[in-house]
Amino acid sequence: MLIQSHLAMAQLYRLGLSKAAYDVLSAMAEVQHPGGEVNASQAELAASVGLSKNRTSIAVNQLVERHVVLRPEGRYRSYKIHPLFAGYTTVEELESGITSALCAIQAGDLPEPSVPAAPAPARHLAAVPSRQTA
């Protein structure tokens, strides 16, 4: 059984995750290795939570956009739960993982979990006043 930071997990609500994203994150947490590595396909995750593959894909993308789950480059069927939310074997590993993650976030080497910025609203050309020439 792995331990996680209850303080970090309590902050997930701030990220505006969908129920499907919470379900997929829970499925990932069940199969993660210490430190947050998850070796499971989206189809396997979908089957474990009872979602369609499409809905699971959307949920995983939401977790990745908010940096709750990281996708290691060049690795198929592999995800990494952000170190702030990952499970660890001992309290010492948990403290070390969180300390390292906070230092990496401060240094810009690890993204901080957050809600993506909303895109600027598109303005229709009709809303732009035109100049009239005489």
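So the values come out like this:
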| quantity | calculated |
| --- | --- |
| Tabulated pairs, segment 108-123, first modelled with pLDDT under 85, second part of a loop (DSSP other than H, G, I, E, B), C-beta under 7 angstrom, 6+ apart or interchain | 115/16; 115/66; 116/66 |
| So residue 76, is it in a helix (DSSP H, G or I), at pLDDT below 95 and of a type in the set (Phe, Trp, Tyr) | no |
| Enumeration of residues in segment 22-46 that are touching a residue at least 40 places away in the same chain (Cβ under 8 Å) and acidic (Asp, Glu) | 37 |
| Filter result for residue 69 (surrounded by 18 or more Cβ atoms within 10 Å (Cβ to Cβ), modelled with pLDDT of 95 or more and touching a Lys or Arg at 6+ places or on another chain (Cβ under 8 Å)) | yes |
| Residue satisfying all of: in segment 87-102; without any contact (Cβ under 8 Å) to a residue 24 or more places away in the chain and under 16 Å from residue 67 (Cβ atoms); surrounded by the most Cβ atoms within 10 Å (Cβ to Cβ) among these | 101 |
| Selection within segment 79-98 - outside any strand (DSSP E or B) and of a type in the set (Ser, Thr, Tyr) | 89, 90, 96 |
| Matching option when the condition is touching a residue at least 60 places away in the same chain (Cβ under 8 Å) and closer than 21 Å to residue 15 by Cα, among 84, 63, 70 | 84 |
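The values are calculated or read from the model by the stated rules, or taken from the named source; none is laboratory data. Quantities reported herein were computed from a predicted structural model and do not represent experimental measurements. FYI the Cβ positions are ideal-geometry reconstructions off the backbone, even for glycines, and counts take in every protein chain you see.
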